[in-house]
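Each remark here refers to the structure printed beneath this line.
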Amino acid sequence: MNDDHNSSREETLEASDASNEERVVVQEETTNQTVRPITPSLHYAGFWMRFWAYLLDLIVIGSISRILIYPLFRFLDIETASGDMFSAVNMATAFIFYLYFILTTKFFGQTVGKMIIGLKVISLKAPGLSWSTIIFRELLGRYISATIFILYVLVAFLPKKQGLHDYFADTTVVHERSLQLEKPAYS
């Protein structure tokens with residue numbers, strides 16, 4: 001056997017994901033064991049997974065609104081049955097809606113619906129989610145996507161399964177299990 005085979009060396013292999021190319025480093029040690037650090041291959045959450053998580057979130061938000069806002073408004077004798085888009089009850093409900101998405105995404109990286117389904121929001125550019133990214137994604141981006149609902153369908157067609165709000169905020173939603181690092185495999 002030659003000395004090059006016994007000395008430590010690195011080989012670079014390319015592993016292809018459906019839309020994502022990642023580099024995996026394979027290190028060969030002097031004991032002829034190959035150590036392969038396993039990097040997670042991101043499994044992007046598609047339209048239907050995100051849709052079911054969003055429906056669960058709407059149930060949570062509706063419950064919070066009915067537990068907090070409606071009793072408070074009735075106690076203060078503020079009308080709750082107004083059909084006006086800018087009524088006090090609708091504004092308070094919208095505030096709860098956006099606050100819920102901003103706070104749960106910032107502190108947990110996921111909403112309750114995403115927790116149940118097993119999804120998580122990640123940044124494509126930074127190691128964590130900053131306040132500016134969250135505010136842009138959840139407030140401005142979600143408002144635009146909710147106003148023009150067809151924009152949510154972009155998730156089904158973009159390679160990283162991003163909605164418009166994800167695309168502009170450089171975020172995406174992945175299956176939480178794809179983020180779990182495994183121990184290096186020895187062979």
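Using a probe radius of 1.4 angstrom, the carbon and sulfur fraction of the accessible surface of the stretch 102-187 is 67%.
Where does the charge balance sit around residue 91 when Lys and Arg score +1, Asp and Glu -1, over other residues with C-beta under 15 Å from its C-beta? Here the count lands on -2. Among residues other than residue 167 with Cβ under 15 Å from its Cβ, the summed charge is +3 (Lys and Arg +1, Asp and Glu -1). Loop-only trypsin sites (Lys or Arg not before Pro) in the stretch 83-128, please: DSSP not H, G, I, E or B, and at most 14 other Cβ atoms within 10 Å. Taking the stretch 83-128 and a limit of 14 other Cβ atoms within 10 Å, the loop trypsin sites (Lys or Arg not before Pro) found are 125.
Taking every C-alpha pair closer than 8 Å and separated by at least 6 residues, the mean separation divided by the residue count of the stretch 39-187 gives a relative contact order of 33 percent. Placing a label point 7 Å from the Cα of residue 47 along the Cα-to-Cβ direction, the residues of the stretch 135-175 whose backbone N falls under 11 Å from that point are 150-158.
Spin-label model, residue 67/residue 116: points 7 Å from Cα along the beta carbon direction are separated by 1.4 nm. Length available on full extension from residue 78 to residue 144: 0.36 nm per residue minus the Cα-Cα distance, which gives 20.8 nm. Sparse packing (at most 15 other Cβ atoms within 10 Å of the Cβ) combined with a DSSP loop state is found for the following chymotrypsin sites (Phe, Trp or Tyr not before Pro) in the stretch 36-132: 86. Taking a Cβ cut-off of under 15 Å around residue 80, the surrounding Lys, Arg, Asp and Glu residues balance to a net charge of -1, with basic ones at +1 and acidic ones at -1. Scattering from the C-alpha atoms of the stretch 63-187 alone, worked out with Debye: what is log10 I(q)/I(0) at q = 0.19, 0.22 1/Å? Each listed q corresponds, in turn, to -1.08, -1.27.
The values are calculated or read from the model by the stated rules, or taken from the named source; none is laboratory data. Please read these numbers as outputs of a predicted model, since none were measured by experiment. Every residue, glycine as well, gets a Cβ built from its backbone with ideal geometry; the counts of neighbours run over all protein chains shown. All accessible areas refer to the heavy atoms of the entire protein, side chains included, with ligands and DNA or RNA removed. Shrake-Rupley method; radii C 1.70, N 1.55, O 1.52, S 1.80 Å.
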